[in-house]
Amino acid sequence: MCCTFGDLTDVQWWRELKLPTRTVIGRDGRILPEPPADLDSPAGRTAYAELVGATVHTARERVVAMLRESGDLDGEPRRTVRPVKFYEKGDKPLEIVSSRQWFIRSVAHQAALLERGTQLDWHPAYMRARYEDWVRGLNGDWLVSRQRFFGVPFPALVPRWTRPASRTTPRRSRRPRTRCRSTRPRTPRPATGRTSAAAPAASSATRT
């Protein structure tokens, strides 16, 4: 069976049944140029090459045309109506794509979470029941690396030896320049009676 991730139920079944993942849609919504590793037959790779770079809608039309041409199309495609999610600024349905994320295991520690809840003093007391209902209703691990544009970000510490080379190069730190002033009192210099060469002494004679 080949099926896309249409909703969270498909994701749950994929996780529970440990099904293999064949990623064919990129983040731009188009078919990726590299075919799945399991697609090793020449005919399959030739058919996949016809879909590379196409959108999901265009790829669907090309698949129907190839099945009709080979005689493997059973009947004619029928329109189906199903609820899908849309981008608020577009008219195309969203597709769930595969990406690497960070999770914190929660479902495997439900018993420990419930035990910790009994060790707390809840104010008001009915919040304990809400907490226990929330823990028992967990059906997935805590995703802490989701891409979002609101809310408080979750900090992730990365070891220094795994950072890119551009970030490991230390920058020169400039220390602020400070002027050191002496705390000793200044001794006044005695007058010498000399006149500065830049400012000659005024003459008492008057030119007419």
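Bear in mind these aren't lab numbers, they're just calculated from the coordinates by the rules spelled out. This is a predicted model, so every value here is computed, not measured. Positions of Cβ are generated from backbone atoms using ideal geometry, with glycine treated the same way; all protein chains shown enter the neighbour counts.
Given Cβ point charges of +1 (Lys, Arg) and -1 (Asp, Glu) and nothing else, what value in debye, to the nearest 20, does the dipole of the stretch 1-99 about its Cα centre take?
Numbers: 15 positive and 16 negative charges, 58 e Å.
For the stretch 1-99, the charge dipole is close to 280 debye.
If each residue of separation counts as 0.36 nm, what is the full-extension length gain between residue 39 and residue 95 once their alpha-carbon separation is subtracted? Write down the numbers at each step before the final one.
Numbers: separation 56, 0.36 × 56 = 20.16 nm, distance 2.20 nm.
Stretched fully, the residue 39-residue 95 segment lengthens by 18.0 nm.
List the aspartates and glutamates whose Cα lies under 20 Å from the Cα of residue 85, skipping any in the same chain that are fewer than 8 positions away.
7, 10, 28, 95
How about the stretch 12-110: which trypsin sites (Lys or Arg not before Pro) there are in a DSSP loop, with at most 15 other Cβ atoms within 10 Å of their Cβ? Each step should come with its number before you reach the end.
Working: sites: 15, 18, 22, 27, 30, 45, 60, 62, 68, 78, 79, 85, 89, 100, 105; in loops: 18, 22, 27, 78, 79, 85, 89, 100, 105.
Passing both the DSSP loop test and the Cβ count: 18, 22, 27, 78, 79, 85, 89, 100, 105.
Can you give the alpha-carbon Rg of the stretch 25-128 over 2.2 N^0.38 Å, where N counts its residues? Walk me through the numbers on the way to the answer.
Numbers: Rg = 23.2 Å, N = 104, 2.2 N^0.38 = 12.8 Å.
It is 1.81.
Below 8 Å, C-alpha to C-alpha, sequence gap of six or more: please give me the relative contact order for the stretch 1-99 in percent. All intermediate terms of the calculation are to be shown ahead of the outcome.
On the way: 64 pairs, mean separation 26.5, N = 99.
Computed over the stretch 1-99, the figure is 27 percent.
List the GluC sites (Glu not before Pro) in the stretch 16-93 that DSSP assigns to loop (not H, G, I, E or B) and whose Cβ has at most 16 other Cβ atoms within 10 Å. Which are they?
Details: sites: 16, 50, 61, 69, 88; in loops: 50, 88.
Hits after loop and neighbour filter: 50, 88.
State, as an integer percentage, the relative contact order of the stretch 103-154 based on alpha-carbon contacts under 8 Å between residues 6 or more apart. The partial results should precede the final answer.
Numbers: 30 pairs, mean separation 29.0, N = 52.
56 percent.
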